[in-house]
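Single-structure report; data block below.
The values are calculated or read from the model by the stated rules, or taken from the named source; none is laboratory data. These numbers were taken from a predicted model, which means no experiment stands behind them. Cβ: placed from backbone, ideal geometry, glycine included. Neighbour counts: every protein chain shown.
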């Protein structure tokens, strides 16, 4: 997920993660962040919780056995969230069910869930946890990590049901002075509520390892399996229900609630505001909706237009967009980020929009739209190999301009990329970026230069055949750099690209 900040004149677009709103001023303005673990927001201390139980004598400990609970086979997990929101109190109550299929190739006796809201003290309160009909009375909740032991082994192909009941007390996310503290998204501001990474989810299990990385000062740390979502949303005050932007397609229900659904998605995000203005357009069978605040109609319409154009360009160049809706949301913060069928754009981009396509609002809208291919359809490890989606999303901006405004492609290279004198190896993890600017120079901008030179070397036909093949082979999966280069080599023929790999990458890829 990707953040782009533009506060003063020509400051670079920034990648910002939601969990770092409380960092002190020197972290924001420093050219290089200290290489040490994040200390804000303060996570809760490790918790080994025991929920109330009856006085029934404990059964003797037995070796877990495979469960025999019959359930239909699933291709991917299914999340159902019955969600009640008190907009004015900034609280959310959730009754959540996860149907999790074991597709790891191994029997499982534990599950690991990411609980990002628990990184803010007092924001997450778990009241009930039930697995396969049995109340779980002891579990470990340590920061963002929830470890749960299964009563019975979950065989390969088996499905387990996880039920959670919890309450979110949303943190105040608005910053009085953005130059002092880096803004976050999760929480509320004076004009909107933002639910991002707000529900517990089972993290990917790859080669027997649960993938849940530590957060960092910039970049994203979460990795997501594809899943299906149903979110049933109801507000406590029916008379003042806000306008809602979400990842899913809405359906009004008889009880006054709204059901949102989306399939094969990495996340489910939601923003709500009583101040949102709305503009929509349709591209094929996709409804794009721009949500913006009053006095920003020109920017709201421009973001909608750029996103619609980008969706057409990328659908033609890469492959079809996978969902029926796309929400473009003005954030009440100087931050931006992509989610499934949903992305934020910084309020600063709207405020500085000059009415032309040569500006941050336009090319970042194209960038975030591209993430619906490179993040949403083809996922990767955002912490350890962030370039896999960032390089392609950044270069997608170039493809957007060459298809819609070819006369300003050279401006884009000069203003967006080369002004910052990019350098460094493309394939660095977020933890080794040595600061925001060196990190984005490498993973974003050097990556764009690599793809440009690769395209020149192998030609457009081979280049776009590679991109489309990479999408087709990676769709719905979590890919690696080795996958990228494996597919690429199948399209380079006798053309030698080893010098380009050596120039831009520190690792050797076969």
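A few points about this structure:
- Take the conditions (1) in contact with a strand residue (DSSP E or B) (Cβ under 8 Å, 6 or more places away or on another chain); (2) surrounded by fewer than 23 Cβ atoms within 10 Å (Cβ to Cβ); residue 412 misses just one of them, which is (1).
- The conditions of being under 19 Å from the mean Cα position of the chain (by Cα) and surrounded by fewer than 21 Cβ atoms within 10 Å (Cβ to Cβ) are met by residue 476.
- Residue in segment 201-214 that is free of Cβ contacts under 8 Å to residues at least 12 places away in the same chain and assigned to a strand (DSSP E or B) present: yes
- Number of positions in segment 247-303 that are surrounded by fewer than 16 Cβ atoms within 10 Å (Cβ to Cβ) and on the phi > 0 side of the Ramachandran plot: 3
- Residue match in segment 344-352 (condition: crowded, with 24+ Cβ neighbours inside 10 Å, at pLDDT 95 or above and over 19 Å from the mean Cα position of the chain (by Cα)): yes
Yes or no, residue by residue, for (1) farther than 26 Å from residue 476 by Cβ; (2) in contact with a strand residue (DSSP E or B) (Cβ under 6 Å, 6 or more places away or on another chain):
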site: 244; (1), (2): yes, yes
site: 254; (1), (2): yes, no
site: 260; (1), (2): no, yes
site: 269; (1), (2): no, yes
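- Count of segment 374-411 residues which are over 30 Å from residue 210 (Cβ atoms) and either in contact (Cβ under 8 Å) with a residue 60 or more places away in the chain or more than 23 Å from the chain's Cα centre (by Cα) (or both): 14
- Positions within segment 419-438 being within 15 Å of residue 449 (Cα to Cα), in contact with a helix residue (DSSP H, G or I) (Cβ under 8 Å, 6 or more places away or on another chain) and part of a helix (DSSP H, G or I), in sequence order: 420
- Boolean, residue 397 is assigned to a helix (DSSP H, G or I), surrounded by 15 or more Cβ atoms within 10 Å (Cβ to Cβ) and at pLDDT 95 or above: yes
- Test result for residue 217, touching a residue at least 40 places away in the same chain (Cβ under 8 Å), closer than 26 Å to residue 97 by Cβ and surrounded by 22 or more Cβ atoms within 10 Å (Cβ to Cβ): no
- In the set (1) touching a strand residue (DSSP E or B) at 6+ places or on another chain (Cβ under 8 Å); (2) over 23 Å from residue 400 (Cβ atoms), the condition left unmet by residue 475 is number (2).
- Residue among 88, 75 that is surrounded by fewer than 15 Cβ atoms within 10 Å (Cβ to Cβ) and at pLDDT below 95: 75
- Any hit, segment 176-186, residues being assigned to a strand (DSSP E or B) and either surrounded by 15 or more Cβ atoms within 10 Å (Cβ to Cβ) or modelled with pLDDT under 95 (or both): no
- Residue list for segment 412-428, restricted to those being within 16 Å of residue 388 (Cα to Cα) and touching a residue at least 60 places away in the same chain (Cβ under 8 Å): 425, 426, 427, 428
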